[in-house]
Amino acid sequence: MKTILNNIIINKLNWISNYKKKIPLNFLKLNIKKSKRFFYKSLKKNYTVFILECKKASPSKGIIRENFNISKIVSIYKKYANVISVITDEKYFCGNFKFLLEASKNTNLPILCKDFIIDEYQIYLARYYKADAILLMLSILNNKQYRKLELIAKKLNMGILTEILTENDLKRAINLKAKIIGINNRNLNNLNIDLERTKKLSIKIPKNIIIISESGINNNIQIRKISKYVNGFLIGSTLMSEKDLNFSVCKLLLGENKICGLTCRKDIKIVYKNGIIYGGLIFIKNSIRKINVKKAFNIISNIHLKYIGVFKNKNIKNIIKISEYLQLYAIQLHGDENQNYINILRKLLPKKIQIWKALKIFKKIPKRKFKYVEKYIFDNKNGGTGKKFNWNLIKKEFNLNNVILAGGINIKNCIEAINLGVIGLDFNSSIEIKPGFKNKKILNSLFNILRNY
């Protein structure tokens with residue numbers, strides 16, 4: 001019985017044969033230079049590294065990104081990635097070797113050619129189109145084939161990501177002295193995902209080898225858990241499936257973090273620059289960080305955070321009016337709003353605007369039982385005091401994938417906070433120079449702190 005992988009390899013042999021007629025091997029050899037970008041150095045860091053992938057389609061999902069613009073994708077990826085991967089397989093992934101050149105032109109980062117490489121021709125072609133590294137899959141290569149392809153890559157100063165699926169692959173990779181091992185969590189025969197594979201195999205890999213986890217990673221909680229076992233991740237499908245690519249990269253790498261109580265445009269620019277995705281605008285009458293609608297409109301214009309309007313027991317018609325005028329991403333309810341209130345709000349609110357609810361934490365965690373509420377903010381019972389509640393209460397909770405943690409979050413405790421398993425953090429008074437005005441130095445340090453795992 002033929003598997004998907006078998007079909008891909010059969011197609012690849014035909015593709016290579018046809019392409020050699022279009023661009024002969026001798027022509028490639030005469031028209032390429034060695035790579036000057038350092039793949040291994042880019043991935044040898046004391047923090048978690050990321051290979052972010054340009055991927056238009058896949059056999060399991062079909063077309064993932066309709067509007068596939070390599071230049072635009074790379075312009076975002078290069079702010080966060082250590083290496084950029086480009087899939088070049090044409091039939092099954094809608095790739096193209098020309099994508100490598102386009103990616104290379106738009107960044108100084110190393111470019112990884114990700115394909116089913118079985119012939120030296122593919123390596124020369126990849127380098128001709130400015131790739132700096134290649135993927136070699138032990139599931140489709142024997143040791144002799146690997147050695148032959150490895151020598152060519154070394155000659156061209158290209159790096160190698162050696163991909164494994166099984167424990168036998170792992171033993172071979174170690175014997176072949178692979179510098180970087182990629183553990184693919186996807187079964188290439190049936191396309192199923194098993195994240196446990198990374199954990200099981202990684203503990204058997206010598207510490208001098210860089211370990212990359214590939215496939216199936218779709219949120220920051222997973223990344224933080226698995227980062228204990230690996231040096232980095234290769235991620236493509238999760239990012240490519242999102243319309244707002246910058247939002248999805250920040251969400252994945254840093255978490256769904258929010259700066260609340262924004263009152264000036266200068267702060268908003270810094271917040272956006274540092275990978276925070278949500279900006280909180282407070283419309284609560286007695287808040288020292290309250291803002292009026294006109295000022296809010298002026299300070300958020302053309303700065304593409306996802307804006308959250310914070311309200312407390314406010315007239316629903318006023319909320320609708322403000323949310324539509326400012327094109328808010330979500331309404332955060334901070335008062336005593338009950339299910340009936342939320343039902344009416346949901347009925348009148350545009351569908352694209354989410355409803356969030358703050359839960360006041362004292363001696364126990366209230367149940368997350370509201371219908372139509374997409375995210376919950378766990379906050380100190382008094383809210384806005386800059387004091388945290390007893391975080392030990394959270395450790396008893398399961399499935400925190402709709403919870404953002406607030407209350408006393410600062411640069412000293414934010415790593416402890418995010419490691420509780422929540423999807424993001426809500427910063428406010430602890431990062432201010434005075435109410436409503438954020439500390440630029442702290443904002444600029446947040447990216448590196450949240451990224452340090």
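Key figures
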read-out	value
Theoretical FRET efficiency, 1/(1+(r/R0)^6), r = Cβ-Cβ of residue 193 and residue 227, R0 25 Å, to 0.05	0.90
Sum of side-chain charges, residue 415 neighbourhood, beta-carbon under 12 Å (Lys, Arg +1; Asp, Glu -1)	+2
For peptides 241-249, 262-270, sequence by mean Cβ density within 10 Å, most packed first	262-270, 241-249
Theoretical ellipticity at 222 nm over the chain - DSSP helices of four or more residues, -39500 (n - 2.57) apiece, nearest 500	-10000 deg cm²/dmol
Protection-proxy order for peptides 18-24, 166-172, each taking the mean of Cβ atoms within 10 Å per residue, highest first	166-172, 18-24
For the chain, share of DSSP beta bridges that run antiparallel, in % to the nearest 5	10 percent
Residue pairs, from the table 199/369; 290/375; 199/396; 22/61; 258/441; 55/438, whose Cα atoms sit over 28 Å apart	199/369; 22/61; 55/438
In nm, spacing of pseudo-spin labels at residue 152 and residue 29 (7 Å Cα→C-beta vector)	1.1 nm
Cβ-derived FRET efficiency at R0 45 Å, residue 66 paired with residue 419, nearest 0.05	0.80
Linear extension gain, residue 320 paired with residue 13, 0.36 nm per residue minus alpha-carbon span	104.6 nm
Inter-probe distance in nm under a simple model that places probes 7 Å from Cα toward Cβ, at residue 304 and residue 387	4.2 nm
Stokes-Einstein translational diffusion, the chain - Kirkwood Rh over all Cα pairs, 0.890 mPa s, 25 °C, in µm²/s	103 µm²/s
Cα centroid separation - the range 101-173 against the range 301-315, whole Å	47 Å
Separation in nanometres of the label points that stand 7 Å from Cα toward Cβ, at residue 362 and residue 338	1.8 nm
Exposure proxy ranking, count of Cβ atoms within 10 Å, fewest first, for 164, 259	164, 259
Highest average packing first - 129-136, 295-302, 411-418, Cβ atoms within 10 Å	129-136, 411-418, 295-302
Relative contact order computed over the range 1-105 (Cα-Cα under 8 Å; 6+ residues apart), in percent	23 percent
The range 4-249, relative contact order [Cα under 8 Å, separation at least 6], %	20 percent
Computed E for residue 290/residue 98 - FRET, C-beta separation, R0 45 angstrom, nearest 0.05	0.25
For the range 255-451: rounded, prolate or oblate by the Cα gyration tensor [a/c cutoff 1.5]	oblate
Nearest 10 degrees, 0 to 90: helix 143-155 Cα axis against the chain principal axis	80 degrees
Mean separation of Cα contacts under 8 Å (6+ apart) over length of the chain, as relative contact order %	11 percent
C-alpha center-to-center spacing [the range 29-63, the range 224-300] in angstrom	27 Å
Scattering profile of the range 266-355 at q = 0.26 Å⁻¹ [log10 I(q)/I(0), Debye over alpha-carbon scatterers]	-1.44
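Every number here is computed from the coordinates shown, using simple stated rules; none is lab data. This one's a predicted model, so the numbers in the text were calculated from it and none came from an experiment. Note that each Cβ is placed from the backbone with ideal geometry, even for glycine, and that neighbours are counted across all protein chains shown.
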